[in-house]
Amino acid sequence: MNGVASVAPFIEYQTTFQNIEREIKVADYDYDLFVIGAGSGGVRAARTAAGLGVRVAVAEDRYFGGTCVNVGCVPKKLYVYASQFKDSFTASAGFGWKLGAQEFDWSKLVANKTKEIDRLQGVYDRLLQESGVTIINGRATIVDAHTVIVNDKKFTASRILVATGGWPFVPDIIGKEHAITSNEVFNLPALPKRLVIVGGGYIAVEFAGILNGLGVEVSVLERSAKVLNGFDEDIREFLIEEMTKKGVNFYFNTNVDRISKIEAGYIVHTAEGRDIETDLVMFATGRVPNTKGIGLEALGVELDRVGAVKVNDDYQTNVPSIYALGDVTNRVNLTPVATAEAMAFVKKLYANTVAKVDYDNIPTAVFSQPNIASVGLTEENARAKYDDIDIYKTVFRPLKNTLAGINERTMMKMIVVRSSDKVVGMHMVGPDAGEIIQGMAVAIRAGATKSVFDSTIGIHPTAAEEFVTMRKPV
Ligand code: NDP
């Protein structure tokens, strides 16, 4: 959990902050820092700064923990676990188990998930309170460079941090009101028999896997030729093959024209002339920065063409007392990036330390089934950047799948610059890909060469050992 790590290492900066504070307190503000949004980035910034003696308030009008805790990473991963049991039950027979009839209770999963999320919200609330942060429940509007209004009450602050995250984007098509987004999918009153997911990004493939695993007939409609734009081409193709084997229907080069309501559900009409009948439609067509209605435009804070707050390397906007970080700036929209940005922001402003986030080689995982994880360059990007690329690749059936009678395969791929021997990209599709690539990311950031991987002894029998035993480029 990103949000619950210790602030202890930053206590050492406290004295430095107290010195800096004396210099920056040019006016008598209610707070030194007013944070808008208690998501991953906002909470981390608020409580870390408060731990240094900064007077911090945080305003939140929805839920503590933001998207990640409430309608993102955390409940998503719990649902991924839920959806994997069906395969495990089937696989267990090959290992000698004999199970009785299995039944899945969606409402129980939703209730248990909600209980866990409530607990985590409580943890966030407590962490903020214990750090001395003032929590203000309500929607904040910035009225001038140092003033925020929440529930008709004015608060002044030396600095204001906008950490309002993102919100699902739904294209403007006829019938879009019939569709849900990832905000609603977690709490559906009942599981549909059939689901159409529009989009082919992270959320689309993750939910296709979840709902397919829970017995829903899932169709994914993607406007381009493959899912997961930006990932390595081999990885994209391999995932499509494996998900298709599991029963997910893909429609590529397909654009939704309109959605119409019929008695028993909906029809998704595509621009290509196809009509797909379904019980539920979900849009997973990207997210937009949450910058509307918080007073940014009126104050002249510069936004880009998608509405993201423009910031410099220190997360400062063109209005010097206003800062922004995380998804609202639309750089790399991942929870650990937002928390890293929050730490860099606090260290720079309140601990007098230069702590820049390095946006290169950020590892990422997609909790599709099978999982994907990547760090570094794709083969395509590496070929564009270097003339001498070697590709190491392996495809195999994991040991567990032999007795399980499951034909799902794993793919692992490594991209090496021949002249320098540097490993510049690693990609995996298979069980626990995120767990494996996290360690590999450390090696890549440390500048590991292929020879270092070759001289590393494998852990046998694991899938991860393949990364240290690939000898021949393909
Ligand atoms: P993504 O940006 O990943 O994917 C958006 C998808 O929607 C793409 O397939 C895109 O197609 C398609 N699309 C975009 N606009 C339209 C349109 N107007 N009509 C039809 N299709 C459209 O967005 P997601 O919503 O899946 O996720 C949002 C972000 O949240 C991710 O990018 C990621 O940063 C984060 N996230 C991270 C997760 C993780 O770390 N595991 C999990 C979930 C989300 P095309 O490719 O052709 O452009």
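Points to keep in mind about this one:
- Here the condition is being touching a Lys or Arg at 6+ places or on another chain (Cβ under 9 Å), surrounded by 14 or more Cβ atoms within 10 Å (Cβ to Cβ) and not charged (D, E, K, R); of 71, 56, it holds for 56 alone.
- Search result, residues across the stretch 240-257 that are within 13 Å of the ligand (Cβ to nearest atom), in contact with a Ser or Thr (Cβ under 9 Å, 6 or more places away or on another chain), not in a loop (DSSP other than H, G, I, E, B) and not aromatic (Phe, Trp, Tyr): 256, 257
- Filtering the stretch 416-474 to residues that are in a helix (DSSP H, G or I), over 25 Å from the mean Cα position of the chain (by Cα) and among the basic types (Lys, Arg) leaves only 450.
- For the stretch 306-343, filtered to residues that are within 16 Å of the ligand (Cβ to nearest atom) and of a type in the set (Val, Ile, Thr), the residue that is surrounded by the most Cβ atoms within 10 Å (Cβ to Cβ) is 328.
- Criterion applied to 361, 371 was being touching a strand residue (DSSP E or B) at 6+ places or on another chain (Cβ under 9 Å), within 16 Å of the ligand (Cβ to nearest atom) and under 17 Å from residue 203 (Cβ atoms), and the one residue passing it is 371.
- The requirement of being away from the ligand (no atom under 16 Å from the Cβ) and either modelled with pLDDT of 95 or more or not aromatic (Phe, Trp, Tyr) (or both) is not satisfied by residue 166.
- Contact map, the stretch 327-348: first residue at pLDDT 95 or above, second residue assigned to a helix (DSSP H, G or I) and charged (D, E, K, R), Cβ cut-off under 7 Å, separation 6 or more or different chains; pairs are 333/327; 338/327; 339/44; 342/44; 343/44.
Each row is one residue, and each column tells you yes or no for (1) free of Cβ contacts under 8 Å to residues at least 60 places away in the same chain; (2) β-branched (Val, Ile, Thr).
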{"residue": "426", "(1), (2)": "yes, no"}
{"residue": "431", "(1), (2)": "no, no"}
{"residue": "452", "(1), (2)": "yes, yes"}
{"residue": "465", "(1), (2)": "yes, no"}
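- Scan of the stretch 191-239 for residues that are touching a helix residue (DSSP H, G or I) at 6+ places or on another chain (Cβ under 8 Å), away from the ligand (no atom under 15 Å from the Cβ) and assigned to a helix (DSSP H, G or I), ordered by number: 212, 213, 234
- Residue ID - surrounded by the fewest Cβ atoms within 10 Å (Cβ to Cβ), chosen from residues in the stretch 432-474 that are in contact with a strand residue (DSSP E or B) (Cβ under 7 Å, 6 or more places away or on another chain) and not hydrophobic (A, V, I, L, M, F, W, C): 447
- For the stretch 373-397, a residue qualifies if it is outside any helix (DSSP H, G or I), farther than 16 Å from residue 237 by Cβ and of a type in the set (A, V, I, L, M, F, W, C), and the qualifying residues are 373, 375, 377, 389, 396.
The values are calculated or read from the model by the stated rules, or taken from the named source; none is laboratory data. Nothing here was measured: the structure is a model prediction, and the numbers come from that model. Quick reminder, even Gly has a Cβ in these numbers, built from the backbone with ideal geometry, and neighbours come from all protein chains shown.
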